[in-house]
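Single-structure report; data block below.
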Amino acid sequence: MGDVLSQDEIDNLLKALSSGEIDADEIKEDAGKSVKEYDFKRPAKFSKEHLRTLEIIFEHYGRLVSTNLPVYLRKTVQVSVVNSEALTFSEFTNSLANPVILGIVSFQPLNGNIMVELGSNLGFAMVDRLLGGQGDALDKSRDFSEIEMSLVEKMMAVCISLLREPWRNVLDLNPVLERVETNPQFAQIIAPTEMIAIVTLNIRLGDVEGLMNVCLPYFTLESIMDKLNTKFWFSTMQDSSDEDYTEHMQDMIQHVSVPIIAKLGDSSISVLDFVNLQIGDVIRLSSKVDDEMDIYVGNIRKFKGLPGATKKLYAVRLTEIIREEEE
């Protein structure tokens, strides 16, 4: 609400208007001008265009994470960008829980570091999955043990390595995970009043759902801020990006380890016979000595072969490839 004029001020204003000291048109022009406040503590260094470009970059990153993490966790992973915003570094660190998973990442050749926060429930779910569990999170929060932290660092390093591809249209980066902190007080990478951009991703690992926050300081991105716009982004996109992505996926698949099992045969015995088995007893199998063996890749029957030996080790010589239509 504006200031209320006293009667004397109203009289003086009318007198000035009648004498011509004040022009009524100038008063109307001044009244129509709006004043925009500027907060010097939170300078607007990130525009909406910058934040939108960062969302595009991390949408690409989310697709990479959702296709690469299942290789290690053997469970479906869904990633989506929730939002992006600009705030001060102190506002971000004050909102962090303790313990928390904070990855300090070198963003060479850019100056400074970025920070990646992973929800502790996702960290415990990944550890549980890597150790053979169902991928469940803990009901009650606690500190990570040294063994758990080493597993979390391994998965964080995988996630950080995937940052390079989405940023390729802007700059050829070499992101490296320097360390992982669980206490926000030991992760002060910039001054508390410095402006940062936060990109929030929602990660769903099976039934466990949590957030990943990527903290991008203005100090780190300052030299490439002019490239963080959609016009530059689409003008530098290469037609071969889909081919590069396909080659990357093929390369990842080729390095996946799969178990191969050569099955000699099977047999059925009673529980009583099983309990009374002794060394030297003979179990009769369903296959004959000269029969070909079934060879499984994972749980799928893919080959037939004959048993043998090579360099004092058991071996199997492939004799037939079983096609999918022959199953």
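Summary table
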| read-out | value |
| --- | --- |
| Failed item, numbered, when Leu102 is tested on (1) modelled with pLDDT under 90; (2) within 22 Å of Arg179 (Cβ to Cβ) | (1) |
| Residue satisfying condition, being in contact with a Lys or Arg (Cβ under 7 Å, 6 or more places away or on another chain), among the β-branched types (Val, Ile, Thr) and under 21 Å from Phe58 (Cβ atoms), within set Val170, Val199, Val180 | Val170 |
| Matching entry among Glu117, Glu49, Glu85, Glu59 (being charged (D, E, K, R), part of a helix (DSSP H, G or I) and in contact (Cβ under 8 Å) with a residue 60 or more places away in the chain) | Glu49 |
| In segment 130-148, the residues that are surrounded by 13 or more Cβ atoms within 10 Å (Cβ to Cβ) and touching an Asp or Glu at 6+ places or on another chain (Cβ under 9 Å) | Gly135, Asp136, Ala137, Leu138 |
| Condition met for Gly112 (surrounded by 15 or more Cβ atoms within 10 Å (Cβ to Cβ), modelled with pLDDT of 90 or more and among the small types (Gly, Ala, Ser)) | no |
| Condition check for Met249: at pLDDT below 90 and in contact with a helix residue (DSSP H, G or I) (Cβ under 8 Å, 6 or more places away or on another chain) | yes |
| Segment 153-173 residues that are closer than 21 Å to Asn229 by Cβ and not assigned by TED's automatic domain parsing to the domain that holds Val105, paired with ones that are in a loop (DSSP other than H, G, I, E, B) and not small (Gly, Ala, Ser) (beta carbon under 8 Å, 6 or more apart) | none |
| One residue from Leu122, Leu138, Leu96 being farther than 18 Å from Val214 by Cβ and either part of a helix (DSSP H, G or I) or out of contact with any Cys (no Cβ under 7 Å at 6 or more places or on another chain) (or both) | Leu138 |
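The values are calculated or read from the model by the stated rules, or taken from the named source; none is laboratory data. This structure is a prediction, so every number in the text was calculated from the model and none was measured. Cβ atoms come from the backbone with ideal geometry, glycine included; neighbour counts cover every protein chain shown.
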